[in-house]
Amino acid sequence: MTKEVIFVFLTMVSFLSDAKISIKMANDSEKEVEIKNTIHALVGEYDIEHWIYTKDILVNESARVPHSHPILTMNTADAYLKSDMKVLSTFLHEQFHWHVVLNGKGTIDEFQGAIKKEFPKVEYQRPLGSGTEGGTLSHLLVCYLEYRAMSSLIGESSARELLQGNPYYTWIYKTILDKENHPKLDRLIEELNLTIFTKDKAAANS
């Protein structure tokens with residue numbers, strides 16, 4: 001293979017990777033550039049294109065926390081600058097919020113009501129939950145999808161260690177990491193139209 005062909009091939013790979021998402025920066029700061037480059041690298045390295053529900057991404061160092069709407073926004077907190085896996089996990093977490101909005105079954109009340117039947121008592125105060133009962137109920141499935149996705153990418157033990165270290169949503173992560181809760185979480189994922197694996201792959205990652 002000639003050098004010219006190699007160059008063209010690498011350029012095409014880079015273009016295809018970048019074409020999957022559009023990342024804008026709020027301030028064009030060094031930290032924002034670093035997070036932007038990290039996201040592009042992760043999208044190129046890991047098979048996550050099927051979990052990208054919104055392609056428009058903003059990196060904003062002034063954002064208090066990452067969030068999904070109205071545009072998926074990542075910030076530049078030290079935790080993300082120090083850990084590519086933290087970036088990947090949070091990026092997928094926010095993508096799964098979009099999955100819920102775009103593909104989740106029923107109205108928001110019906111959606112959260114179905115989860116509440118399985119988890120009637122939730123700890124919603126921060127940092128245990130998301131601050132509200134409804135938000136905490138929804139986060140049970142978003143965080144479970146995050147865990148399942150990361151387990152498939154980096155292994156279950158590494159995913160578990162990563163999520164257990166989060167200083168937020170501590171009750172939520174404790175609940176979704178408890179294997180006794182997995183059968184009902186799996187049922188909810190299927191019932192509410194949020195499946196992210198084929199059945200064969202889901203079984204392999206159980």
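Readers should treat all values here as calculations from the given coordinates under stated rules, not as data from a laboratory. Small disclaimer: the values here were computed from a predicted structure and weren't measured. Here the Cβ positions follow ideal geometry from the backbone for every residue, glycine too, while neighbour counts run over all protein chains shown.
Rounded to the nearest 0.05, what FRET efficiency do Glu45 and Glu110 have when you use their Cβ-Cβ distance and R0 = 45 Å?
On the way: r = 38 Å, r/R0 = 0.84.
Step by step, r from the Cβ atoms, then E = 0.75.
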Rounded if a/c under 1.5, otherwise prolate or oblate - the stretch 104-206, Cα gyration tensor axes:
oblate
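Test of understanding: what is the full-extension gain from Gln125 to Glu180, defined as 0.36 nm times their sequence separation minus their Cα-Cα distance? Intermediate values should be presented prior to the final figure.
Numbers: separation 55, 0.36 × 55 = 19.80 nm, distance 2.32 nm.
Once the chain is fully extended between Gln125 and Glu180, it gains 17.5 nm.
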Candidate values [x] 135; [y] 126; [z] 115, label of the one derived for volume of the Cα convex hull per residue in Å³:
[x]
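Do you know the Lys pair count in the stretch 104-206 for C-alpha distances under 16 Å, with sequence separation 8 or more or different chains? Don't jump to the answer; show the numbers that get you there.
Numbers: Lys105/Lys116; Lys105/Lys117; Lys116/Lys184; Lys117/Lys184; Lys121/Lys174; Lys121/Lys184; Lys174/Lys184; Lys184/Lys199.
Pairs that pass both the separation and distance tests number 8.
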